[in-house]
Amino acid sequence: TRLNIINRVQRLLQFNTDYFLHDENGNYIRNEEGEIIDAGKFINLVAHDKVYQDPSLALPSVENAAPAYAGLCSMLADDNSPTNEYVDGGGLPYTYSKPQANKLVGNKFVVFKRKDNRPCVVSGTNCAQRRSGWTRFLTMDIVFNLVEDLRNIYDKYIGKGNTLERRNALNSDIRKELDERETLVDADYNLIMDRT
């Protein structure tokens, strides 16, 4: 009912969506600048359910939509955000009004809307702190894909001699990878090598 949805939204808006790293004693872990380390950029909270029609069940089942969202995100191209993408495989048992959806997204929840009678992601947000530059799924995806590809590049140089030729080749391979990335606006780096 609409009343159930209103109550659900109110409960979700009271939910604390801030996530920070803690040590084994429950103390915040801080970075070199003394700031608490934000773990929210790695966390996506989905505030929606989906209705699944399972032919082996007599009635449709209503399940949390987080696995469907995770599946969608795993299939996106490097330069695509989940925002405005369809989450197929089931329908929506309820919808949020636009003000409700905006409030939930403001509290760092992923929600869906009906578009062309299919579930569609309103905004690909995560639980990073709002002042950070990591609040979008796409930003995290671009950075982590790049890091993985750079690891593959420098992996072939590990264990080899630290010669000027190899450093130049590594530098060239990294620069080429960065220049070919359409998802990057700008990037800079330094090669730091020691004798160990």
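The values are calculated or read from the model by the stated rules, or taken from the named source; none is laboratory data. As the structure is a computational prediction, the values presented were derived from the model and not from experiment. FYI the Cβ positions are ideal-geometry reconstructions off the backbone, even for glycines, and counts take in every protein chain you see. Calculation scope for accessible area: heavy atoms of the full protein, side chains included, ligands and nucleic acids excluded. Shrake-Rupley method; radii C 1.70, N 1.55, O 1.52, S 1.80 Å.
Laid out as a table, the results:
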item	result
In the stretch 139-151, the residues that are under 20 Å from L76 (Cβ atoms) and open to solvent by 80 Å² or more (accessible area, probe 1.4 Å)	F144, E148
L21 vs. criteria open to solvent by 50 Å² or more (accessible area, probe 1.4 Å), over 22 Å from G124 (Cβ atoms) and in contact (Cβ under 8 Å) with a residue 12 or more places away in the chain	yes
Per-region count, the stretch 158-187, residues at pLDDT below 80 and exposed (fewer than 10 other Cβ atoms within 10 Å of the Cβ)	5
Flag for K113 being open to solvent by 50 Å² or more (accessible area, probe 1.4 Å), modelled with pLDDT of 90 or more and not in a helix (DSSP H, G or I)	yes
Residue match in the stretch 86-106 (condition: within 21 Å of N126 (Cβ to Cβ), of a type in the set (D, E) and touching a residue at least 24 places away in the same chain (Cβ under 8 Å))	no
Positions within the stretch 59-80 being within 19 Å of V105 (Cβ to Cβ) and open to solvent by 30 Å² or more (accessible area, probe 1.4 Å), in sequence order	N64, A66, A70, N80
Candidates L146, L104 - the one that is at pLDDT 85 or above, in a helix (DSSP H, G or I) and either within 28 Å of Y189 (Cα to Cα) or not β-branched (V, I, T) (or both)	L104
Qualifying residue in the stretch 33-44 (condition: over 21 Å from the mean Cα position of the chain (by Cα) and open to solvent by 70 Å² or more (accessible area, probe 1.4 Å))	yes
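To keep it simple, each residue is scored yes or no on (1) at pLDDT 90 or above; (2) of a type in the set (A, V, I, L, M); (3) part of a strand (DSSP E or B); (4) over 25 Å from I142 (Cα atoms).
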{"position": "R11", "(1), (2), (3), (4)": "yes, no, no, yes"}
{"position": "D18", "(1), (2), (3), (4)": "yes, no, no, no"}
{"position": "K50", "(1), (2), (3), (4)": "yes, no, yes, yes"}
{"position": "P55", "(1), (2), (3), (4)": "no, no, no, yes"}
{"position": "V62", "(1), (2), (3), (4)": "no, yes, yes, yes"}
{"position": "S81", "(1), (2), (3), (4)": "no, no, no, no"}
{"position": "G89", "(1), (2), (3), (4)": "no, no, no, yes"}
